[in-house]
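Read the structure below first, then the notes.
The values are calculated or read from the model by the stated rules, or taken from the named source; none is laboratory data. Note that the structure is predicted; figures quoted are calculated from it, not measured. Every residue, glycine among them, receives a Cβ derived from its backbone with ideal geometry; neighbour counts consider all protein chains shown.
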Amino acid sequence: MSVSTMRKLSVFAPKDRADALIHRLMRLRCVQVRQVDDAESALARVNCEAQRADAERRVAAVNEALEILAKFSERKGFVQTPKQLDTEKFKAERYEAAMQAVEDAIATRQRENECRAELAALTGRLHVLAPWLTYGVPLALEKTKNCELQLGSFPAKTRLAEITDALAEHCAVLESVFSDDDGEYVSVVCHQSDAAAVQRVLGERGFTKAPLKEFSELPRTEYEKAKQACDALQTELEQIKQRLFGLARMLDDIEMLFDLESSELTVATAKQKLAETDYLVLLQGWAPVGRVDKIAEALSAEECAFEFEEPAEGEEPPVLLRNNKFAQNFEWVVGMYSYPKYGTYDPTMIMSIFYFVIFGLMFADVGYGVLLALGGFLIPPAIKMRDGMRRTFNMFGYCGIACAVCGVIFGGWFGDMPYAIMVNLLGLYETTDAAIAAVPFFNGLQLSLGGEPIMLNPLSNPMAFLVVSLGIGAVHLLAGMIVKFVLLCKDKQVFAAIFDVGSWLIIFAGIGVVFLHKIAGIVMVVLGVLMIICTAGRSAKNPIMKFFKGLLGLYDAINYAADLLSYSRILALGLASAVIAQVVNMVGTMFVSGIPGFLILLLVSLIGHTVNMALNVLGSFVHTSRLQYLEFFGKFFEDGGEAFVPIAPSDRYTDQ
Amino acid sequence: MKKTILLTIVMTAILALALTVGAFAAEDAAADSAITVGATEQTEQAPKLLAQVFNGGALAILGAALAVGLAGIGSAKGVGMVGEATAGLLSENPNMFGKAFALMALPMTQGIYGLVIAFLIVFKCGLFTDGMQGLLSLTVQEGAYYLMSALPIAVVGLISALKQARVSAAGINLLSKRPDQVGKAITSAALVETYAIFALLISVLLVLVG
């Protein structure tokens with residue numbers, strides 16, 4: 001219902017108790033540590049950059065280990081539920097082992113990378129040696145006393161006979177060693193005095209020297225050596241894999257370690273915001289007024305002096321919203337726009353009601369609504385979801401209820417599925433119209449206004465739904481204006497309230513009254529218009545300017561009209577979801593009737609209705625939010641508050 | 001880019017007009033030939049052939065095709081643009097996909113709105129209930145009416161999807177620097193969609209009421 005009142009907390013503690021103090025506050029989860037104001041305190045800032053960097057390094061290491069081991073985890077289940085972490089016990093019993101596992105994992109990964117690099121190099125050597133396996137001379141032998149020996153290759157399909165003849169002129173001998181698709185591998189022997197000429201002959205025919213410089217023994221021996229090294233590496237890689245699998249069994253502990261170290265990092269980061277004297281540290285922070293007693297109790301157990309103050313003039317305390325069980329699920333929607341300024345009105349409650357109704361209208365369908373509600377309420381407890389996510393899910397759960405209710409009123413059961421089944425699968429009726437006439441329930445309620453029955457189904461009667469949409473819009477806008485009116489009155493700006501907001505309220509009320517009593521309505525509208533002309537220019541000094549500014553005040557009418565028309569999107573989105581659903585049903589029922597027809601319908605529905613639902617939940621969410629942000633908040637909201645973020649233990653994997 | 005859009009719209013308008021005029025001419029000619037029974041065979045053949053192509057059913061189908069086609073082009077291009085920006089974001093921070101996804105899906109809706117109108121037109125033509133017979137029984141007037149009804153979402157859907165994609169892509173950039181501001185990025189992008197929704201609304205009302 002409101003923005004929580006905040007108290008400024010100041011604590012003096014002995015220097016060596018600083019960490020313990022922050023830990024204690026962190027477990028309370030209701031203090032936001034703030035930077036001690038240098039100018040105000042004239043104290044030096046605590047410098048614990050080394051401690052913070054150290055904590056950061058450890059968090060990074062644990063995180064790296066988690067990433068390495070994630071692939072080797074044998075844990076079952078898609079979602080891990082949070083584990084219980086008893087910090088003291090964990091530190092005493094399992095901390096060392098977990099940290100050791102982290103270091104092992106990182107070292108093992110490093111060794112694995114080295115092995116892979118070596119393996120790649122060895123594979124290259126094997127590839128180079130492969131053609132020379134039958135060559136029977138040690139590779140170190142490149143020269144005898146008189147002769148020169150070289151190994152190399154010609155491009156594939158070179159005719160060696162011709163080269164042999166050419167070389168014979170220089171008394172050189174060419175011998176083929178191996179040949180494959182890549183080339184002809186040969187050895188060439190010649191007298192040292194002919195070497196240059198032979199080289200020329202070979203060069204002309206595309207001879208490439210074999211890259212065998214690093215080898216000295218027989219090719220076969222070298223090959224065997226490399227092969228053995230390869231096998232050894234393969235075995236080691238396999239062992240590494242096994243070791244990582246083994247380490248992955250420690251994953252639970254390592255995750256606990258992550259939260260532990262993250263919390264340490266939080267403490268170190270918070271500590272940097274403190275100020276210090278020679279013996280003491282000063283901690284300042286914000287706490288909601290409702291938690292002051294609890295904090296005082298916790299702090300009196302610590303060796304420290306503390307006090308709570310009201311926020312001073314000009315200070316901007318962080319904003320914590322406080323709402324009832326229903327509305328608190330919608331707080332994050334407000335947060336997505338902006339938190340209200342500290343000390344101003346929290347619109348969550350009134351917004352949540354309109355959010356509920358408008359979302360329901362935009363996505364009016366019993367089938368989708370029930371699914372949404374089931375998902376929103378059943379998934380969070382099933383996987384022990386955290387509060388923040390749980391609220392998001394619950395919000396959609398509530399919206400699902402609204403969709404289901406609106407679905408009964410406006411006739412949506414996975415679109416027109418009941419009629420599609422009756423007409424196409426069961427063959428009870430000839431056409432959909434006949435089915436609707438016989439069983440009108442699934443087509444939504446019928447109003448009878450002055451004897452005329454009015455169908456509410458948006459496809460049968462879009463105009464009726466448009467009127468409903470704009471009607472809700474008018475109520476929404478009026479609610480925004482009334483909030484503004486009340487806020488101005490509370491702020492003792494009664495004139496502004498009556499002249500700027502009240503006059504418009506009179507005009508809108510007058511427009512409503514016209515339908516009941518023509519003359520009274522017109523009188524009210526004229527009265528409102530006159531009020532605006534007379535008062536909208538009251539800030540101007542020049543009487544002529546006063547008049548023109550007054551006339552200009554009427555221009556707001558265009559804004560209000562545009563705001564109202566914006567609500568026609570409720571109809572457009574409602575129709576879009578209904579038509580797509582209808583198409584899915586038609587495709588599902590058009591092929592065969594009877595039992596096989598039901599199977600096909602089920603199959604088509606699984607895909608079609610899921611896609612339609614996903615798209616429309618996103619669309620309805622975005623556009624309902626937009627109507628709140630622009631049309632509703634625009635009337636009164638003072639944004640710019642900063643969210644209250646208390647220091648708390650890390651809870652990515654555990655509950656502490 | 002702008003030229004392509006402009007060209008597409010101008011071509012659409014010309015095509016629609018030409019077809020409508022053609023259809024009316026074909027109908028008139030058919031009516032004329034029906035009155036002048038004694039005409040030669042050649043003049044009787046020509047209007048019949050024309051009337052087979054330029055009739056109410058073809059105009060209505062053209063409307064459906066334009067609605068789903070043009071709005072679909074816009075969405076395809078738009079989602080592509082945001083997808084590219086998202087890939088850039090993901091290369092630095094793969095965990096952001098969930099947040100980026102909403103922005104990617106936003107320019108998708110125009111294509112769906114086009115699809116909705118196309119289906120409504122096809123429903124109204126009776127293609128699903130009466131098959132080709134329903135389509136052929138449409139008068140040129142009715143067909144032209146459906147064609148015109150489809151134009152708002154076809155044209156506005158195309159342009160708003162492209163413009164929305166630009167805002168969404170900018171939102172992805174915002175996301176890479178300030179992940180907490182995803183709400184504002186989505187809201188800004190959703191503003192552009194307003195006009196596609198208005199176009200959809202008018203198209204739906206025209207088709208349903210007509």
Of all the helices (runs of 4 or more DSSP H) wholly in segment A:385-501, which have at least 2 residues that are surrounded by fewer than 21 Cβ atoms within 10 Å (Cβ to Cβ)?
A:387-410, A:432-438, A:462-490
I'd like to check which helices (runs of 4 or more DSSP H) are fully inside segment A:1-83 and have at least 1 residues that are buried (at least 18 other Cβ atoms within 10 Å of the Cβ).
A:18-28, A:49-70
Going through segment A:424-454 one residue at a time, which ones are touching a residue at least 60 places away in the same chain (Cβ under 8 Å) and within 44 Å of the chain's Cα centre (by Cα)?
A:N424, A:L425
A:M586, sole failed condition from (1) within 13 Å of chain B (Cβ to nearest Cβ); (2) free of Cβ contacts under 8 Å to residues at least 40 places away in the same chain; (3) more than 20 Å from A:F359 (Cβ to Cβ); (4) surrounded by 15 or more Cβ atoms within 10 Å (Cβ to Cβ)
(2)
Test: residue in segment B:119-140 that is within 14 Å of chain A (Cβ to nearest Cβ), touching an Asp or Glu at 6+ places or on another chain (Cβ under 8 Å) and either crowded, with 22+ Cβ neighbours inside 10 Å or farther than 17 Å from B:Y195 by Cα (or both):
no
Matching entry among A:G634, A:G608 (being surrounded by fewer than 16 Cβ atoms within 10 Å (Cβ to Cβ) and within 14 Å of chain B (Cβ to nearest Cβ)):
A:G634
Quick check on A:G314: is it within 29 Å of A:G473 (Cβ to Cβ) and more than 14 Å from chain B (Cβ to nearest Cβ)?
no
Looking at A:G369, A:G360, A:G375, which is the one that is crowded, with 16+ Cβ neighbours inside 10 Å, in a helix (DSSP H, G or I) and either touching a Gly at 6+ places or on another chain (Cβ under 6 Å) or at positive phi (or both)?
A:G369
Across segment A:71-93, what is the number of residues that are in contact (Cβ under 8 Å) with a residue 12 or more places away in the chain and either small (G, A, S) or touching a strand residue (DSSP E or B) at 6+ places or on another chain (Cβ under 8 Å) (or both)?
5
Step by step: first the residues of segment A:560-574, then only those that are under 16 Å from B:P152 (Cβ atoms) and surrounded by fewer than 24 Cβ atoms within 10 Å (Cβ to Cβ), then the one that is nearest to the other protein chains (Cβ to nearest Cβ). Which residue is that?
A:S568
Suppose the filter is within 14 Å of chain B (Cβ to nearest Cβ) and closer than 30 Å to A:D259 by Cβ; does A:A643 pass it?
yes
For segment A:159-215, what are the residues that are of a type in the set (F, W, Y) and in contact with a Leu (Cβ under 8 Å, 6 or more places away or on another chain)?
A:F178, A:Y185, A:F215
Residue, nearest to B:I186 (Cα to Cα), within segment B:96-109, restricted to residues that are of a type outside the set (A, V, I, L, M) and within 11 Å of chain A (Cβ to nearest Cβ):
B:F101
Apart from one, (1) small (G, A, S); (2) under 30 Å from the mean Cα position of the chain (by Cα); (3) surrounded by fewer than 16 Cβ atoms within 10 Å (Cβ to Cβ) all hold for A:A301; the odd one out is (2)
Scan segment B:147-170 and tell me whether some residue there is within 11 Å of chain A (Cβ to nearest Cβ), touching a Ser or Thr at 6+ places or on another chain (Cβ under 9 Å), crowded, with 20+ Cβ neighbours inside 10 Å and in a helix (DSSP H, G or I).
yes
If I filter segment A:217-227 for residues that are of a type in the set (G, A, S) and surrounded by 14 or more Cβ atoms within 10 Å (Cβ to Cβ), do I get at least one hit?
yes
Only residues in segment A:610-626 that are β-branched (V, I, T) count as the first member; pair them with residues that are not in a helix (DSSP H, G or I), Cβ under 8 angstrom, at least 6 apart or cross-chain, and list the lot.
A:V617/A:F363
So how many residues does segment A:329-342 have that are surrounded by 19 or more Cβ atoms within 10 Å (Cβ to Cβ) and more than 14 Å from chain B (Cβ to nearest Cβ)?
3
Residue under question is A:S625, and the condition is that it be facing another protein chain (nearest Cβ under 9 Å), surrounded by 16 or more Cβ atoms within 10 Å (Cβ to Cβ) and of a type outside the set (A, V, I, L, M); does it hold?
yes
Note: among A:L202, A:L174, A:L218, A:L160, just one is over 28 Å from A:E114 (Cβ atoms) and modelled with pLDDT under 85, namely A:L160
Going by what's in this entry, would B:L206 be described as within 13 Å of chain A (Cβ to nearest Cβ) and at pLDDT below 90?
no
